[in-house]
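Below: one structure, written as structure tokens.
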């Protein structure tokens, strides 16, 4: 059987459905998945545990499993259900994903849910990557990441850097892993959504990073309500755990131990900064120059 191939989150995905995605062939891949249509004979046990995940893009999303949501063990069955549209099924530690349409087949909508929402959850539960909520771009061969609460300016900042010619690493959901004691960010897909229109892939970035990059700086964006200064303050020691906690995706309790160990291994080398700036889009060119100069200083110290 012929399979279509695409590359998302550093993973080569072979599928029996043609996805309307434009992904560069040169993207480096670290994993492989098979994505095929669900058949009645698929060997999934009854999944009698369920929980609502969130309300997203006008649809309710639920997660099902054959065990309590307190662990993820080899062979555990899972189902991710998007109301009135699609279900994804898989077994832990296996590299095959199954899907079934609940109503009509719509490939662009399928691509949106697969790329932006399902795969980040799947990779998190499977321990492939840990995900942060933010935006990331390439600057001088390294990764620069922006994170903030919703409506906190991370998409605006990411979009401004893209407009200055910096390759996109990821928009909104950032995959990471640790290698040789350093956090690396994984190119996700070349779509960014500065406007956040529901159930739309986003704008295609023609300049997309093709390989994982070491993190040079992670900026937590905050508004400066006291004056109009732009300031950058290093976050040190165990304060980094608290500062990053709010920017992780997916708050399953059983992930906490893994995440503590994950961060502990890179804590000393994790370049985390609090960036305060005025809420003024007209100051973006100035803010861009400040960040560039700060990253140049970090490169000299590295």
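A short reminder: the numbers here are calculations on the coordinates, not readings from a lab. This one's a predicted model, so the numbers in the text were calculated from it and none came from an experiment. Glycine gets a Cβ as well: all are built from the backbone with ideal geometry, and neighbour counts include every protein chain shown.
A few points about this structure:
- Among 118, 254, the ranking by other beta carbons within 10 Å of each residue's beta carbon, starting with the fewest, stands as 254, 118.
- Legend: ranking of residues 78, 279 from fewest to most surrounding C-beta atoms inside 10 Å; resulting order 279, 78.
- If you wrap the tightest convex hull around every Cα atom of the stretch 138-209 and split its volume per residue, you get 93 Å³.
- Where a label projected 7 Å from the Cα of residue 203 along Cα→Cβ would reach, residues of the stretch 89-121 with amide N under 20 Å: 112, 116
- Relative contact order of the stretch 220-302: 53 percent, from C-alpha pairs under 8 Å at least 6 residues apart in sequence.
- For the stretch 130-301, the square roots of the Cα gyration tensor eigenvalues, ordered a ≥ b ≥ c, give a/c below 1.5, which places it in the rounded category.
- Cα gyration tensor shape of the stretch 116-155, rounded if a/c is under 1.5, else prolate or oblate by comparing a/b with b/c: oblate
- Mean-square fluctuations from a GNM of the chain, with a 10 angstrom spring cutoff on Cα atoms, peak among 256, 72, 216 at 256.
- The convex hull drawn around the Cα atoms of the chain, when projected onto a plane and averaged over every direction, covers 16.1 nm².
- Using only alpha-carbon positions in the stretch 203-302, the gyration tensor eigenvalues give semi-axes of 26, 18, 16 Å once each is multiplied by 5 and square-rooted (largest first).
- Sites residue 222 and residue 126, calculated FRET efficiency, Cβ-Cβ separation with R0 35 Å, nearest 0.05: 0.60
- Largest-first principal axis extents of the Cα set of the stretch 51-178 (Å): 46, 34, 25
- The chain: angle of helix 154-163 to the longest principal axis, Cα-based, in degrees nearest 10: 80
- Whole-number percent relative contact order across the chain, with pairs defined as alpha carbons under 8 Å at least 6 apart: 15
- Sorting 31, 247 by the number of Cβ atoms found within 10 Å of their own Cβ, with the fewest placed first, yields 31, 247.
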